[in-house]
Structures are given as C-alpha cells and as structure tokens.
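Just so it is clear, none of the values below were taken in a lab; they were calculated from the coordinates. Just so it is clear, the model here is predicted, and its values are computed rather than measured. Heads up, the Cβs are rebuilt from the backbone with ideal geometry, glycines too, and the neighbour counts pull from every protein chain shown.
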Amino acid sequence: MSTPLVEARGIVKRYGPTTALADGRLTVLPGESHALVGRNGAGKSTLVTLLTGLQAPDEGTVRFDGEPAPPLADRDAWRRKVACVYQRPTVVPELTVAENLFINRQPLQRRFISWRRLKAEAADLLAAWDVHVDPEARTADLKVEDRQMVEIARALSFGARFIVLDEPTAQLDNREIERLFSRMRALQKSGVTFLFISHHLQEVYEVCQTVTVLRDARWITTAPVADLPRAGLVEAMAGESIAEQAGHVREVDVSAPVLLDVRGLTSQSYEDVDLTVRRGEVVGLAGSSASGKIELAESLTGLHKPSGGTARLDGQRLPFGDVQATLKAGVGCVPRDRHTQGLVIGMTIGDNATMSVLDRLGRFGFVGTDRKRGFATELIERLDIHAEGPDQPVSDLSGGNAQKVVMARALASDPRLLVLINPTAGVDVKSKESLLARVDTARDDGTAVLVVSDELDDLRRCDRVLVLFHGRVVAEHPAGWRDHELIASIEGVDHG
Ligand SMILES: Nc1ncnc2c1ncn2[C@@H]1O[C@H](COP(=O)(O)OP(=O)(O)OP(=O)(O)O)[C@@H](O)[C@H]1O
Ligand SMILES: [Mg+2]
C-alpha cells in the first residue's frame, strides 16, 4: 500500500464545553477522491480546519506523505500542501480574477506590480488547468462554479495537490454540478487528490472511490464506496437504520381559498409571472440558477423589487422592497444565503430564533428572558438542532444546524405565507426529514408555502411544481412527477 497522502489519527478537538471531535481519523490515499460524510455537527468541517492548518488539534496527529504537518505559523508550507474550497468565497470579490490568483505575490518589475505580467501569468495558470475564466473579470461577477475553479487553480499554483471541497455543490444547479464533477475527474487524472464533503449521498457515489463516515465526533468507518450501499451508508451516519420516506402524494383541497395571488409580476430576472398558492398548499418553484426563481421568491419576501405586477396575500397588497413590512404582513422566509441574509452572527441561537416574534412574546417591547429561553429551547428541540443550548452564539454552529435556526425563526413568526429558498441546503439526510415534516405541520395549520429548491427531494413533497425557464413559467407538474420529467422541463428540453 502506498504512503497515505494525508493521515489524521486520534484527533480530539474541543470548543469550551463542546467536543467537536473525540476520535477523528482519516486516511486519504494519493490520487483518490475521498468522501467525508456525517450528520450535521458530526465534526466534518472541524476536521477540515485541522487538515488545512487553521487550527491545531488538542490531541492527535496530522501527517502529509508520512511527514508531520508543518507548524501552524508556517502558512506557506501549508499552502503548498492543501487548500479548501468552501461554499463561501475565500477570494476577494472586489479584485479581478488575476489579482486574486496572485494576491500578495504579484510579479514585480522594479518594485512596481507589473499588471501586464500579472494578467499573462494568470491567463497561463488558468489555461494550464483548463479553467475558462477571463482573468480580468471582477471576481464578484463570477458564477459560483467559476469562482470555485479559480480558487482551485490558485491552490494548485501554490503546489498543493490535495484539495478539500466542503459542500461545494450546495449552491449549484444540476448542470453546474455535472460540470464541477467532470472538472474534478479531469484534475484527478492529472494527479490531484480530493476530500469531498456533501450531504447529497448520490454525489458521493458519483465522484468518490472511498468514503469515511463520522458520527457524534467519532470515526465510524472507512470503506470503498462500492462496498457501502446507500442504506448502509445512512445507517453508519445515523447509528440506526432509517426508512427513507418516498414522495407521498396528498390531496389538495381545491376549494381552499387562494392566499397568495401573484399577477403579471415582472422584473429584470422574470417576466409576467402569474402564481397562486392556496391555504395549506405547498407549491414548488424549480428552474436552473439563471431561471429567475430565486429573484421571484425574494420579491415576495421584500428582498427584491419587481418593476411591475402585483402580489396579494389574503387580499392585501404585499409591500415590495421592504423586508420588515413584508414580515409584518405575514410572510416568513428562509433566505437563500444564511450567512449574509439569514442570521445575526454575533447573537445567540435563542435571540436569532425568536427575533421575528419579539412582538408577540412580550408586550410593550419587553420580553422576559425566561419566556424567550423557553420558547427557543422548544424550537431547538423541535428542529433537532445540535447545540449546547439557546445561549450559544450561532457562529459556533455547524452549517446545517445554522440552517435549522433560520428555519426555526421563519416558523416562529407563524406566517400566513412561508417562502423557503433552498431550505435543506447543507442539512443532513435525517434532519431533512424533520425539517420537511415541520413544513407539513405548517401547511396543515393553513399556511401557504412556496418552496424554491434545486433538490428534487424538497420538490417531491410539493402539491405541484412550477418550472421557470428564462424568467417565464413554462410548466406545471402536479405531485407524482417522475424525476426525468421535471429535469427535462428545468433544462428546457420539453418545451419550445
Ligand atoms: N468555533 C466553534 N465554537 C464552538 N463550537 C464549535 C465551533 N465550531 C464547531 N463547533 C461545534 O463542533 C461540532 C462540530 O461542528 P462541525 O462544523 O465540524 O460539523 P459538520 O460535521 O461540519 O456539520 P454540518 O454538516 O452541519 O456542516 C458542532 O457541535 C459545532 O457546534
Ligand atoms: Mg460543515
């Protein structure tokens, strides 16, 4: 057997009272794509911070190629070994691609930065790794997938041949995921080794050869993916066997009153959209990332301002472009990006979960702390949030658990319309079920629900799914559709 490219053994990492890793282990062989899976809070991202030298373990060792990992302070040595591409960009959005590639090591000509050389070297580097991105483009203007490729190219240019991808597909649509995978395969052929973290287990089977499972901060197993079929993998993650729920078709009450009535809604991203959602109905919105589906949903939550058309909730016109007023009008929302739109990072879980209901919890703006804590504790329990308690800051939470706090807050306001944008992004297979079950409870209570998602599992539970293509509604699928039918209309191959 060859020397492992990366080997972590006996890893312990604590954060105050939380033991994020109690027995972390990982052995990655050169040239493989290795999956790291586990439920929310299992310790995956923590292990990544140790493998990339952002933190030191409290106990245990990390070795690269049989050699001990460099000291934390030697950033250059770490950069030559490993890099991590996160969902969140680590490039500077205001800079061009070329500047980002050579940040802090620009080619100098008599002590001045040579822009011409910078551009040329960036172009060479991108070409060498087959990345088709304009080096002069502003990084902020790149699509997520291109930004990820720029980050990978940057890592490779430092000499690293081990790349960690922590949930890289969470914000990509199907076609973008396919492109990322074919690039990964090509890079793997040229000798790059990947550690791949994802809650989409089918992706593990698609691009990885080996899988390591963590559960409750401990290493559970490492096996060739071919030897661990899906049921076994889920069982290793959850510690019990889980009957995964198939899509269940539910009768819609067609006599239920229309709660949301959207007419001729138009903006730069979508055109002339008509849409209704009845009381207790769940309507899905599907489409590629360029379809306008997110902008449409954001318009209903006050985050995006349409240029024409109307939206009425229970007969009342929804205020456009005003998030607070929209919330008051009865719209609860799980926004697209929990980092920038979802959570107040400096606040506790309890404060975040209850901030949409402070009005209701206390009169005259006063909220008893006990009352709030009680309410938050209940939400934490109901949504299966893996945390020490309501007083923990949300910045300590794992990605999936932070997403659940955002969901808790949307539900806490007892909305008449619930707009969910990629609600299960980053949420593990088991928690997904409990999150979607909460949506079912809300609909049973008469809430109208609009679900915007790239995930077929989220859409499967909708009473019907509308498909947007280039800003227009082009298809409607009642519950019970087959995957390939929905994908065909998303890709625009079943209509003119
Ligand atoms: N900086 C921190 N301070 C306190 N606790 C932390 C910190 N970072 C992580 N934790 C805790 O460590 C545990 C493991 O978190 P980690 O982010 O590694 O989970 P994960 O497996 O990546 O989960 P997810 O799938 O949700 O991303 C969680 O209980 C989390 O709350
Ligand atoms: Mg994580």
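Values for this structure:
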{"read-out": "Spacing of the two label points (7 Å from each Cα toward its C-beta) at Ala77 and Glu94, in nm", "value": "3.4 nm"}
{"read-out": "Relative contact order of the chain, pairs being alpha-carbon contacts under 8 Å that are 6 or more residues apart, as %", "value": "16 percent"}
{"read-out": "Calculated [θ] (222 nm, deg cm²/dmol) that DSSP helices of n ≥ 4 give over the chain, each run adding -39,500 (n - 2.57)", "value": "-9500 deg cm²/dmol"}
{"read-out": "Within the stretch 269-324, trypsin sites (Lys or Arg not before Pro) in DSSP loop having at most 16 other beta-carbon neighbours inside 10 Å", "value": "none"}
{"read-out": "Least to most buried among Met407, Met184 (fewest other Cβ within 10 Å first)", "value": "Met184, Met407"}
{"read-out": "The stretch 129-162 residues near the modelled Arg175 label - backbone nitrogen below 17 Å, point 7 Å along Cα→Cβ", "value": "132, 143-147"}
{"read-out": "Nearest 10 degrees, 0 to 90: helix 115-128 Cα axis against the chain principal axis", "value": "90 degrees"}
{"read-out": "Nearest-ten-degree value, helix 429-444 long axis tilted from longest Cα axis of the chain", "value": "10 degrees"}
{"read-out": "Cleavage-rule hits (GluC sites (Glu not before Pro)) in the stretch 191-244: DSSP loop, at most 14 neighbouring Cβ within 10 angstrom", "value": "Glu240, Glu244"}
{"read-out": "Using alpha-carbon coordinates, inclination of helix 369-382 to the longest axis of the chain, degrees", "value": "80 degrees"}
{"read-out": "Label-point gap, in nm, between Ala120 and Leu29 - each point 7 angstrom along Cα→Cβ", "value": "4.4 nm"}
{"read-out": "Calculated FRET efficiency for the pair Ser307/Thr49, C-beta based, R₀ 45 Å, to 0.05", "value": "0.55"}
{"read-out": "For the stretch 160-316, share of DSSP beta bridges that run antiparallel, in % to the nearest 5", "value": "75 percent"}
